[in-house]
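No value in this document is a laboratory result; all are computed from the given coordinates. Everything quoted here is computed from the prediction, not taken from an experiment. Cβ atoms come from the backbone with ideal geometry, glycine included; neighbour counts cover every protein chain shown.
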């Protein structure tokens, strides 16, 4: 009898052990793999073409990766909370078009109008979240519908051809230099640090983890569930709006399809970074690694003269492989073999 | 119910455009709706089995560019073309089935990845919109049989008829069973992995047909031809009253849902709403349809 109890006891202890260890190993492993892959790619690219693998390419990757790193924060939070945000194309375009249409090049107005643009994007995220929580529409349907509604409204608003130029602030954000460093790189580093603090060290971040793991358990534990489920969508939409403004500053104008190419990479970055697509697991630093890896790959592919289609195929295959490798069962199996 | 909505909408359309009653206008309406109707029919299969299939957009784009870049003349060429389309769909569907049924990946994630890859292949085959679909396909598949029956309508009718036959088989019932409750389906001795795999493969074949009909209608190639049909296919399925939680619904209702969506576009256009805003109404229709079907199923469960 006592023997039985003791056995059960050790079994419990073991089960607990596996869980924490698996969690640690899973996230460290994927983050480390992504980082090593990035360095290998950059160094390896040197052998392919001498123009690659230089410090200036690193700078290019960081500037081009700016958009994806910012987007993957919002997308990562939404996926962490157990959802999926397919509204990015619409909200990115909304940010870009409002920035050129409302703000334009007028300098003084930019300081109070740009936050208004971000707030407008946040409202789109809020509507998505309310539809998902109150009306119980599946997240991907709700956000897909919102993206199409926003895109179509913008099409009507601009009569098919967006006008206006990039605000001065947005241009400075993407093309300026501070202390010899490009401004986007400095902003990017600040954003990553703040994003990491928010997701992994703040109360709100913990709430989102709790909601993504188990909504009912989170509710019982006293987590403000509704708020914690709305927050990721609003943050994601605002990140997308910010990217829209940055894109306008980078390319000096808005187009109606400017957001289309960023939806799938944003999900890919989060998944490659080791987040569970089912929510509750993942770190922002992992997503940042995923975003940088994808951007590095993109610059190498285009430097080698491959076409966009091939790049899409490679990106899709990476997502598929990442999803296959990061399945829960596989990690459990690996762990049991090591035991 | 969905048929009722269609009749009301159609009456409104005829009231606005009396010419809509002519045989050629009816055929045009059928031609417009056929690709979406087929896409929705395939989507309905997957949704009934409790899954989502985003690869529909990729398969349709892939079939479209294939037909536009490698046109084959004459009825024989059309036959080979339609077989190629169905084979493409079958292949992609089988990959989806492998990922979702055998490797147990989440359906949205797996089909999202296959959709990206298909879109990439489509872009490699054809970089920018262009190319011409074989004349025979473009003419005959959008024409009328004996000057009365629209061929596109016939194709959709055949798919629905085949489904009505399949539905009576063990496989057909198993699709509903695993959608309603996979565990109890498995406990009652069904090979759920096999059924789920075949569901995705079958859906892929129907998407291939949708790609074929879309190519016949547009007569040209576009590497992103399937993208607009992605959201609309879900909207059509939801409008048709198929529960997105799986286990309930049908193909015919989804086909009618697709017809309503396309007719809605025509009615809006003839009411003078700028075509720019079509997306606003379609997106709203999607959300409304999902909410309504959710409310109806909850009322049904409460009874």
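For this structure, a couple of remarks:
- Rough spin-label spacing in nm, given labels placed 7 Å along Cα→Cβ, for residue A:325 and residue A:181: 3.0
- The residue B:181 and residue A:36 beta-carbon pair, evaluated with R₀ = 35 Å, returns a calculated FRET efficiency of approximately 0.20.
- Using a Gaussian network model of chain B in which every pair of alpha carbons under 10 angstrom is joined by a spring, one finds that among B:172, B:226, B:189 the greatest mean-square fluctuation is at B:189.
- For region A:210-315, diffusion coefficient by Stokes-Einstein and Kirkwood Rh (Cα), 25 °C, 0.890 mPa s, µm²/s: 153
- Largest GNM mean-square fluctuation among B:119, B:265, B:16, using chain B with Cα springs under 10 Å: B:16.
- log10 of Debye I(q)/I(0), alpha-carbon scatterers only, for the protein assembly as shown at 0.08, 0.11 Å⁻¹: -0.61, -1.16
- With a 10 Å cut-off around each Cβ of B:223-231, the average count of Cβ atoms from other chains is 2.
- Region B:100-124 and region A:165-214 have Cα centres spaced 30 Å apart.
- What the pair-distance distribution of region A:57-167 shows, using all Cα-Cα distances binned every 5 Å from zero, is 2, 11, 18, 20, 19, 15, 10, 4, 1, 0 percent.
- Principal axis dimensions, region B:2-302 - Cα atoms, whole angstrom, descending: 55, 44, 36
- For the protein assembly as shown, the mean residue ellipticity at 222 nm estimated from helices alone is -25500 deg cm²/dmol, where every DSSP H run of n ≥ 4 contributes -39500 (n - 2.57) and the total is divided by all residues, rounded to the nearest 500.
- Alpha carbon Rg of region B:166-268, scaled by the compact-globule rule 2.2 N^0.38 Å: 1.25
- The ellipsoid that matches the Cα gyration tensor of region B:1-86 has semi-axes, each √(5λ) in whole angstrom, of 30, 22, 10, with the longest given first.
- Residue of B:185, B:235, B:253 that the Gaussian network model of chain B assigns the largest fluctuation, springs spanning Cα pairs under 10 Å: B:185
- Computed P(r) (all Cα pairs; region A:37-338; 10 Å bins; percent): 6, 26, 35, 24, 8, 1, 0
- Annotation for residue B:275 and residue B:103: the two label points, set 7 Å from Cα along the Cα-Cβ direction, are 4.1 nm apart.
- Centre-to-centre, using Cα atoms only, region A:229-255 and region A:291-315 are separated by 23 Å.
- For region B:1-151, taking Cα atoms only, Rg and Dmax work out to 18.3, 54 Å respectively.
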